[in-house]
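A.B. asks: Here it is, the structure in full.
No value in this document is a laboratory result; all are computed from the given coordinates. In this text the structure is predicted, and so the values were computed from the model without any measurement. Cβ: placed from backbone, ideal geometry, glycine included. Neighbour counts: every protein chain shown.
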Amino acid sequence: MSRWQVAFLRCALLWLLANGALGIVVAIRPGLTGLLAPTHAHLGTIGFFLSMVMGVAYWMLPRPGGLRQPRLEALTFLLLQAGMITRVVGEPWWRASGAEFAHVLFGLSGALVYGAIITFAVAMRQRIVTLDTLRAAAKPRGTRNRPPAHLDEEE
């Protein structure tokens, strides 16, 4: 697994923990439900689930011809996590205060997450191929040129 794939999965687990903690807060203080429920849902669906799906997809989907996508992995990861952070900060703040800057953060979070989704779609478009394409891209065992192990994650 690349460092970005690991980062996706680790962040997914952190968002899951945050989601559980926020759920406990809402259970203890039901009066905060209107303020925190949308953020709680977002932590679970986008923070945990989408981070997990993207990390596993980058890890497990086929790489025709040994395809490596570290730049797309990095960009997807950074956009998604930046979107999550701005959402978790901006949305409850905006709902509680109506502050203009908080509303800007809330809106920016959607644009960042959507940017991550577009980047992910571009990356996966290169990987979603037919079995015939995979077979054509494959070389017999032992004939494939592989970069030295220390270069594997940097390309």
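A.B. asks: Name the long-range amide H neighbours of Gln69: under 5 Å, sequence gap of 5 or more, or other chain; modelled H, no Pro or chain starts.
C.D. replies: Result for Gln69 returns nothing.
A.B. asks: Next up: To one decimal place, what orientation-averaged projected area in nm² is obtained for the convex hull of the Cα set of the chain?
C.D. replies: Computing the convex hull of the Cα atoms and averaging its projections yields 10.5 nm².
A.B. asks: Still on this structure, I have one more. Please identify, among Gly47, Gly55, Gly107, the residue showing maximal mean-square fluctuation in a Gaussian network model of the chain using a 10 angstrom Cα cutoff.
C.D. replies: Gly107
A.B. asks: Taking the 0 to 90 degree range and rounding to the nearest ten, how far is the long axis of helix 70-97 tilted relative to the main principal axis of the chain, both from C-alpha atoms?
C.D. replies: The angle comes out at about 10 degrees.
A.B. asks: What number, in nm² with one decimal, is the all-direction average of the projected area of the convex hull of the alpha-carbon atoms of the range 72-115?
C.D. replies: For the range 72-115, averaging the hull's shadow over all directions gives 2.5 nm².
A.B. asks: Around Ser109, what is the net charge, scoring Lys/Arg as +1 and Asp/Glu as -1 over all other residues with Cβ under 10 Å from its Cβ?
C.D. replies: 0
A.B. asks: Rounded to two decimals, what is the ratio between the C-alpha radius of gyration of the range 16-64 and 2.2 N^0.38 Å?
C.D. replies: Normalised by 2.2 N^0.38 Å, the Cα Rg of the range 16-64 equals 1.52.
A.B. asks: So how tilted is helix 3-28 from the main axis of the chain? Cα-based, degrees 0 to 90, rounded to 10.
C.D. replies: 20 degrees
A.B. asks: Please report the equivalent ellipsoid semi-axes of the range 41-131, computed as sqrt(5 x eigenvalue) of the Cα gyration tensor, largest first, in whole Å.
C.D. replies: Each semi-axis is the square root of five times an eigenvalue, giving 31, 12, 9 Å.
A.B. asks: Ignoring everything except DSSP H segments at least 4 long, calculate the 222 nm mean residue ellipticity for the chain; use -39,500 (n - 2.57) per segment, divide by total residues, nearest 500.
C.D. replies: -23500 deg cm²/dmol
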